[in-house]
């Protein structure tokens, strides 16, 4: 049988019309003139969105420590304990007391990213009159509108449509050889739809499989299309086929020439107890594929990865242990996959180019239900990852004694977050922001990106991890070492001679996050110059002392 | 196995992705188009081909296959006429009329490398498997066409 193709390249005279059976036909338009082309993406930055499908329970993701009693009372069968081995992980001793937060115990990797200034947390994100329907709320997040808007396009679609004019006819081309956006999976969500024509994204699960699939099916396309409703639908399908055909080979090439870092292992399984269907980490392979495509040189601007299972009406936790189960496994998957992704990007030299955000259609009710779950709510936190983020926590803890009809009151509109991604990260200009319909949000956007503001991250890290000058210094006999660490763990202070030999270990022990003061007796030391070095999970600093 | 194939096309029967049902059918006015993605389309093409040409399990046992010759005979299609064969399937597989050029294209997928004038002698009067081969090539081309997806 002859080799078939999904769709052969189209090359017809543009615009001519003829009549057949009294139906006006127009030929399929040929490639638009290249003069239309003005690929205005001025940078090589990439935005990765992780959709937490189903509505993530923010209150069990980050726990408001200052209101632990209220928290426990609202959800005794779900509450993450404040004691024991699996208690919440205090995030940041540098936050004000009223905003002290704890990570779910399975978010250790995210704690590590936070401590290295690669994570910012945005509290209580939603929109006015939050809609409790999964699909409607998802549409709202994707379309970038208000609760009562019904736009046929998505905000990412409008943005990419603006910066890559002439899609789809003029693409791929030499400046933009890749899909403008890639959604991992089978579907293309509203986010990437444009006002007219096919969406700007294509959906793939794996570039090699996609290539094989596309090349194993299809035939010759029709050469002319009726100017009718039927003809328009036909053109829609043909445009999608054509783009798929054009991109399949290129994506395979890019994927095959790219590689993940050999030093990074992506997580596969949740190491604790959860229902069998939740044990496997399905986010990690998606992020791994994105990293590999990027290392192969893909120029795609926006990716959407997805993790499902957050609709935890029942059995969110194991009945015998609220720190394990469905939700815990999902959080572990995000946390461990994101750590591997960041490490991979760093190792591949791509860390400066990628910012990742999580979002979910809504959060969940503050109180739990009798099925060890909780129902649809409103506000929830968003997480923004990357070397270039402005690290820390945006917003305050929700006031659990002042709920809005059982829900967490929302503080930030989701567009305040997305507008920062658009303007500060993707560096959209005013015209692009207007085309995205986000102009009204520019003044209210959060400052989620730290690049361009030098020292922001250093300041964040310094405030949370520092070794003070020992006092007194010069030292006659006694001195005191003071330090602050943001991550609990093994901490060591060594005193070294100028050759770097350890002459005394002052401490080598586990320390909780926060401030520590350690007195030391140096009376036996010879006169001269010494170094003292503090090493811990989130710090490695050396300073000088003089012994009199 | 069949349900797996449907799942790949975005139709996970009885197990939609979540309580909102299948993703395709909400955001108007594009609700009828949102399901159409490269993956879903390609999988649809693939299953059409699988259903027609047969599908084997891991032990190489044929699970199903359309008996195209039996079908044509039972429908009373004049197999001696390539024109009649293509006309029958165009009328029955496509929602709207197609152009003469398009008709000729599908006829060429039936004839493959046989001249229309030689059809009876070179195909029909030979072995049944020859006829089946040509018929399957036509049907395969038709059900893997964009027109068929709108049926």
How would you order A:231-237, B:77-83, A:110-116, A:197-203 from highest to lowest mean count of nearby Cβ atoms within 10 Å?
A:197-203, A:110-116, A:231-237, B:77-83
Cα pair distances in the range A:43-156, grouped into 5 Å bins until the bin that holds the longest one, percent each
2, 9, 16, 18, 16, 14, 13, 8, 3, 1, 0
Hey, got the Cα dimensions of the range A:132-229 along the principal axes, in Å, largest first?
43, 33, 31
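Suppose R0 equals 41 Å. What FRET efficiency, 1/(1 + (r/R0)^6) with r the Cβ-Cβ distance, do residue A:517 and residue A:195 give to the nearest 0.05?
Approximately 0.10, to the nearest 0.05.
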Can you give the relative contact order of the range A:89-203 as a percent, counting alpha carbon pairs under 8 Å and 6+ residues apart?
19
Testing the spin-label approximation: label points 7 Å from Cα along Cα→Cβ at residue B:88 and residue B:150. State their distance in nm.
2.6
Counted neighbours (other Cβ, 10 Å), sorted fewest up, put A:505, A:419 in the order A:505, A:419
Between the range A:479-538 and the range A:270-327, how far is it from one alpha carbon centroid to the other, in angstrom?
40
For the protein assembly as shown: Kirkwood Rh in Å [reciprocal of mean 1/r, alpha carbons]
28.5
Which length gain, in nm to one decimal place, applies between residue A:149 and residue A:505 when the Cα-Cα distance is subtracted from 0.36 nm times their residue separation?
121.7 nm
Over the Cα atoms of the range A:315-399, compute the convex hull volume and normalise it per residue, giving Å³.
112
Ranked by Cβ crowding within 10 angstrom, fewest neighbours first, how are A:463, A:457 ordered?
A:463, A:457
Estimated FRET transfer efficiency (residue A:399, residue A:462; beta-carbon r; R0 35 Å; 0.05):
0.70
12 Å reach of a label modelled at residue A:108, 7 Å along Cα-to-Cβ, counting backbone N of the range A:499-514
none
Percentage of Cα-Cα pair distances in the range A:376-493 greater than 25 Å, rounded to whole percent?
49
Using Cα pairs closer than 8 Å and at least 6 residues apart in sequence, work out the relative contact order for the range A:359-414, in percent.
37
What number, in percent, do you get for the relative contact order of chain A if the mean sequence gap of Cα pairs under 8 Å and at least 6 apart is divided by its residue count?
20
Can you compute the FRET efficiency between residue A:476 and residue A:69 using 1/(1 + (r/R0)^6), with r the Cβ-Cβ distance and R0 = 30 Å? Round to the nearest 0.05.
0.05
Expressed in nm², what is the orientationally averaged projection area of the convex hull enclosing the Cα positions of the range A:276-367?
7.1
Compute the distance in nm between two label points, each set 7 Å from the Cα along the Cα-to-Cβ direction, one at residue A:352 and one at residue A:430.
2.9
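Throughout, read-outs are computed from the coordinates displayed, never taken from laboratory work. The structure presented is a predicted model; accordingly, all values stated were derived computationally and were not measured. Glycine gets a Cβ as well: all are built from the backbone with ideal geometry, and neighbour counts include every protein chain shown.
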